[in-house]
Amino acid sequence: MIDDLRKARLDKARYLESKGINPYPPEPPTRTNFNAEVTINFGQLEGTDVSLVGRVVNIRKHGKVAFFDLRDDSGSVQIFLSEADNPAQFYTFSRGYDIGDFIAVSGSVFKTRSEQPSVRVTELTMLAKSLLQPMFPPEYRERRLVGTETQAEIDRRDIDVKNGVIPPDVLLNPDTRSQQRYLDMLAHREIIERFKLRSNMIEFMRQEFRQRDCWEVETPIVDTQYGGASARPFTTHHNARDLELYLRISNELYLKKYMVGGLEGVFEFSRDFRNEGEDWKHNPEFTQVELYKAYADYRYMMDMSEKLMSDIAQQYLHTTTLNYQGHEINLAAPWRRLSVYEGILEKTGYDFDKLSTDEILQIAKNEDIYEADPGYIAMELFGRYVEPTLIQPTFVIDYPQSTSPLTKLHRCKPGLVERFECYVAGMEVMNCYTELNDPRLQRANFEAEESRKSAGDQEAMNTDDDFITAMEYGMPPMGGIGISIDRWMMLYSNSNHIREVIAFPIQRPRR
C-alpha cells in the first residue's frame, strides 16, 4: 500500500519536472502573512493581496474549481483555485499536487458564498513534494489518543483498520506514535501544543531563576565518574584516550563545583541517563533542571518551587487546578508538608520515632522487605503504602540519614537529614536537599555507599575523590533542587505516560 502510494507520487514529481517545475526548489518563498491572520484580521485584509506558505492538509475538487486548506504554524486558511482564473496552474495543481505538499500561494483575500474567508490564487509554487500522505481523514485528526479511548472508539477504530479505511498500526500503536512522532504531530494538533507548552515552561523557569541571581551553566554529559544520584549508568568508550566513560545520571556534583569556584547560584536544564527499567513514569533518558542557591536551604526551595509551578499553570493553563487522569489537583500554595515518619505512621501505624532497631528489622521480615538498614526499610514502607496516596502536591520532608548521602544533617532531628521530595498524583516530581558541605562527613557517606555496592546494591554511589577535594577548598552552605521537566509536563498536559511528553523516546529499531 505504501509502496503504491510512493510510486504514484514519484510519478507526479516527474510530471512536475516535465513541466519545468522543480519539486524541491532552492529559492526561499515570499511570505507576507501567517495563514491564521486571514481569518483573524479579515476585515483589514479583505481585497488585499497576500503571500502565504504551508502544507496542504485537505483538497476538495468541484468540477473546474478546487478548494484546499493550507496550514502553517499559526493555523489553516482556505485557498480557492479556479480554472477560469488560472487554467494552467489549475491543471498543474490537479495533476501534480497532493495532501502533504508544501507550497506557496499568492492571491487576494475574499469571502466565499458560504462566508468563508479565503484566498483566491493568482500564483502557485511547489516548495516540497511529499512522497507519502501524512494526513488522515478529518474525523481522525481530533481522535482521542491511545490509552484514553472509550471501548466504543476502540471498536470503531479496529473496524476501520480492518476495512482499510485507515492504515493499520499508524498513529494507533503507542510505540509507532513515539517512533514517528512527526506523524503524530501532523494528525493531532494538540501534540504540537503540548511541546509548545513544554518550551514555555522551560523558558518561564529560566527567567525565574535568573531573577533569583542564578546563572545558567553547562556540565559534562560523559565522564569517568557518575554521581549525584543513586542509579545505574550507561557506559561508553573514548577511543582516543582508551577510557571507559559513563553517561551522567545527574549533574549535581559539577554544579556544586561551580559554587566552590565562586558563583552563588547556578542551574542547568540537563538530559540525564539511567540504565534502568521503563514504565509510565520512567524513561532511561529524561530531562530535569537542577538549581543550586548559596545561603539557602530546603525551606527556601519549598517556598520557591510551589510558587514557581503554580505560576506556570496560571500563566499557560489559566488555572491552578489541574484535571489529571480523573483527579482534580490544586496547585495553589501552600502545599502540604509531611515527614517520612509521619506518613508511615499515618498509613501503617509503625512509629519509627519510637521503634528500636530490632523492632524495625522484625517489621521488615513481616513485610517481606529484604533490607538491613532501618532507613532503607522506612523508605520501602513509604514507597509501598504512602507514595501512591499522595495525589495533592505534598512535600515529603526529613529523610533517614543513611538514604541521603549528599544531604546535610537535620538541624534538630538526630538521624534525619534536611531533604524533601515533592509528590503529585502519586509520583515524585522534585528532589531537594539542604546540601552537605562538610567534606569529612561526605567521605564517610561515600564509604557507606561503597559498602552497599559491595553488598550488591548496583544503584549505590561511587566515591568521587575530586568532588571531595573541591569541598575541602570550601563549599558554601546552599539549597539544591532537581525538578522533573517530563513529569510536570505529564501533569500539565494530562498525559498518562512519560512517552507522551518526550518527543522522541528511545524505541526498538523498526523492522
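Laboratory data are not the source of any read-out in this text; all were calculated from the coordinates shown. Note that this is a predicted model, so its numbers are computed, not measured. Backbone-built Cβ (ideal geometry, glycine too); neighbour counts: all protein chains shown.
A few points about this structure:
- Under a model in which nothing but the beta-carbon of Lys, Arg (+1) and Asp, Glu (-1) is charged, the chain shows a dipole of about 2180 debye around its Cα centre.
- The chain, relative contact order in percent, only Cα pairs under 8 angstrom and at least six apart counted: 12
- Among the listed pairs LYS256/LYS354; LYS7/LYS196; LYS19/LYS61; LYS12/LYS61; LYS281/LYS347; LYS293/LYS413, those beyond 29 Å (Cα-Cα): LYS256/LYS354; LYS7/LYS196
- For ALA240 and PHE195, the FRET efficiency from 1/(1 + (r/R0)^6), where r spans their Cβ atoms and R0 equals 35 Å, is about 0.45.
- Taking GluC sites (Glu not before Pro) as exposed when their DSSP state is a loop state and no more than 13 other Cβ atoms lie within 10 Å, the longest site-free interval of the chain runs over 279-511.
- MRE, 222 nm, helices only [DSSP H, n ≥ 4, -39500 (n - 2.57), over the chain, to nearest 500]: -10500 deg cm²/dmol
- The stretch 236-276 shape via C-alpha gyration tensor axes, a/c threshold 1.5: oblate
- Labels on offer are [x] 1.22; [y] 1.32; [z] 1.03, and the one holding Cα Rg over 2.2 N^0.38 Å computed from this structure is [x].
- Prolate/oblate/rounded label for the stretch 1-65 (Cα gyration tensor, a/c 1.5): prolate
- Simple label model, 7 Å out from Cα along Cβ direction - TRP215 to TYR15, nm: 6.2
- Shape of the stretch 2-128, Cα gyration tensor, a/c cut at 1.5: prolate
- Taking the average, over residues, of other Cβ atoms within 10 Å as the packing measure, peptides 24-33, 253-262 rank 253-262, 24-33 from highest down.
- In a DSSP loop and with at most 10 other Cβ atoms within 10 Å, the chymotrypsin sites (Phe, Trp or Tyr not before Pro) in the stretch 271-372 are TYR370.
- Length released on extending from LYS61 to ASP49, taking residue separation times 0.36 nm less the Cα-Cα span: 2.0 nm
- Euclidean distance between Cα centres, the stretch 425-456 to the stretch 321-374, Å: 19
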